[in-house]
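The values are calculated or read from the model by the stated rules, or taken from the named source; none is laboratory data. Note that the structure is a prediction, hence the values are computed from the model and not measured. Glycine gets a Cβ as well: all are built from the backbone with ideal geometry, and neighbour counts include every protein chain shown.
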Ligand code: ATP
Ligand code: MG
Ligand code: MG
Ligand code: MG
């Protein structure tokens, strides 16, 4: 494939766009890879779209290789399936909701658990049909509170999402492991550094969840790691590391909730009145709240609290969601009951939740544990009951800093804090969606059993930004060859017709050998501008045909290392392949 700069739909920019906060965004915009089209929405220009498709191809190849099958859903989805799982409401303000001309409710899919569950229910009915893994690479919509950093956090973005269907827990474990292995291959091939962190603490009904975080100071996730290889997100850890802090009585809770949500204060008051001796733990999403009571003898009881107005929670349904397995105490790493997590809604139903839960550690279960409640979302209110401090999003990190230096739960240490951006997320959903949407198959004995599921996501457009961010240098972008829009950038300099002929011949030779060549054939552009553009655009190899041609040599430059070499004309082809 030959891309001629003289006709390529490309304008490189000298200046940084005003709205670009991070280097990758600046360079992708200046290099003519993307243009902003809407708040949190970007247009892929020819070079950008080539990178995007390379990333997509790697993801697709690895998903196909692990045996997942590709399908494609609409993004415009009816309300009903999301109503059945309660996510129509519980997804909160991140969900784009709209109406058709008849007044029917629709949404733009933020993630597709419901649709995949129903699709499988539609076509499959026997244990013999399973295991099954399906995936799509698709545009997702989320009305993010703070779209930022270009492709890193869009309101419209591309995700590879897959879903596994198994008849039993052992099958789910296998599907999860297969996805985990495929994700390792994907991120290795993309050349992205990553840490696999556990995304949840304790036993949540046997479910398991891990995130692939790409360590970077511009990331919005905070995680802890130890030299021994232990890594977990802060939410998982800050709830389970005990600390010697005296505790007498339940402190007064204070949380700013959205106006139509009962505050934890209210819930605590209710809980105290009803069960004066019980500890409690509470969790709320934007729309719903659950309090789980913990009696002194260790028994637990979910107390479901509804909401006013048309947002009334169907208490029965919530109770059903909080099945006994899920109100099992979280254990500390020694296996002692550490805390109980009351939780609800999106967190129960899936990985793709926007409304992160708040949680409380109960020091009466683990003496000395601290009380922390947090919402892992920018701008959300957070407070630490031990310090009595109040803070917003950055405060999550503050709370977490209390942990830095502690030993890791596996004994290695000390823990250190780092920032990262979530590139992928794998999640054992269990039977929540299958139960809510009644996906059952006949087992070997002819008995109907509920299917168990996993869901797995990779941010495809986000990966483009992360690669750009982690590989760029002070001159511009530096693409790894596997995702670069072209393998080679051939630059013809000067006015000499012989130079252009030789450059053209070389470009054609490389194309014939199967490479993609970006050829700067612009006749009236100065060498200085051409070099600057080549550096900014970031093809892995830059070949300059110019003055040296008279001596029979062409310059071959490695964009990453900066190494230059004068290579005899006849040898350039072989050198570049
Ligand atoms: P984050 O914690 O960054 O908000 P998430 O946990 O909400 O991400 P998931 O629901 O787990 O994301 O979706 C799977 C993947 O989709 C994420 O790991 C991430 O790579 C990508 N992703 C999520 N939200 C966005 C977004 N707004 N823009 C681009 N990519 C995104
Ligand atoms: Mg999110
Ligand atoms: Mg996340
Ligand atoms: Mg996630």
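One line per residue, one yes/no per condition, for (1) in contact with a strand residue (DSSP E or B) (Cβ under 7 Å, 6 or more places away or on another chain); (2) within 16 Å of ligand 2 (Cβ to nearest atom); (3) at pLDDT 95 or above:
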{"position": "440", "(1), (2), (3)": "yes, no, yes"}
{"position": "462", "(1), (2), (3)": "yes, yes, yes"}
{"position": "466", "(1), (2), (3)": "yes, yes, yes"}
{"position": "483", "(1), (2), (3)": "no, no, yes"}
{"position": "494", "(1), (2), (3)": "no, no, no"}
{"position": "497", "(1), (2), (3)": "no, no, no"}
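Looking only at the stretch 419-440, residues that are assigned to a strand (DSSP E or B), surrounded by fewer than 22 Cβ atoms within 10 Å (Cβ to Cβ) and away from ligand 3 (no atom under 16 Å from the Cβ) come to 1 in all. Quick check on my filter: what residues within the stretch 5-21 are touching a helix residue (DSSP H, G or I) at 6+ places or on another chain (Cβ under 9 Å) and surrounded by fewer than 19 Cβ atoms within 10 Å (Cβ to Cβ)? Listed by number, the residues that qualify are 8, 9, 10, 12, 13, 14, 15, 16, 17, 19, 20, 21.
For the stretch 470-511, which positions are surrounded by 15 or more Cβ atoms within 10 Å (Cβ to Cβ) and part of a helix (DSSP H, G or I)? Scanning the stretch 470-511 gives 470, 471, 499, 500, 502, 503, 504, 506, 507, 509, 510, 511. Here residue 154 does not qualify as without any contact (Cβ under 8 Å) to a residue 40 or more places away in the chain, within 16 Å of ligand 2 (Cβ to nearest atom) and touching a strand residue (DSSP E or B) at 6+ places or on another chain (Cβ under 9 Å). For the stretch 72-95, name all the residues that are surrounded by 15 or more Cβ atoms within 10 Å (Cβ to Cβ), at pLDDT 95 or above, out of contact with any helix residue (DSSP H, G or I) (no Cβ under 6 Å at 6 or more places or on another chain) and not in a strand (DSSP E or B). Result: 75, single match. Considering the stretch 441-466, and only residues there that are assigned to a strand (DSSP E or B) and within 16 Å of ligand 3 (Cβ to nearest atom), the residue that is farthest from residue 208 (Cα to Cα) turns out to be 459. Among the residues of the stretch 143-150, are any over 21 Å from the mean Cα position of the chain (by Cα), surrounded by fewer than 20 Cβ atoms within 10 Å (Cβ to Cβ) and not in a strand (DSSP E or B)? Within the stretch 143-150, none of the residues are over 21 Å from the mean Cα position of the chain (by Cα), surrounded by fewer than 20 Cβ atoms within 10 Å (Cβ to Cβ) and not in a strand (DSSP E or B).
Just to be sure, is residue 61 closer than 20 Å to residue 457 by Cα, away from ligand 1 (no atom under 16 Å from the Cβ), in contact with a helix residue (DSSP H, G or I) (Cβ under 9 Å, 6 or more places away or on another chain) and without any contact (Cβ under 8 Å) to a residue 12 or more places away in the chain? For residue 61, the condition - closer than 20 Å to residue 457 by Cα, away from ligand 1 (no atom under 16 Å from the Cβ), in contact with a helix residue (DSSP H, G or I) (Cβ under 9 Å, 6 or more places away or on another chain) and without any contact (Cβ under 8 Å) to a residue 12 or more places away in the chain - is met.
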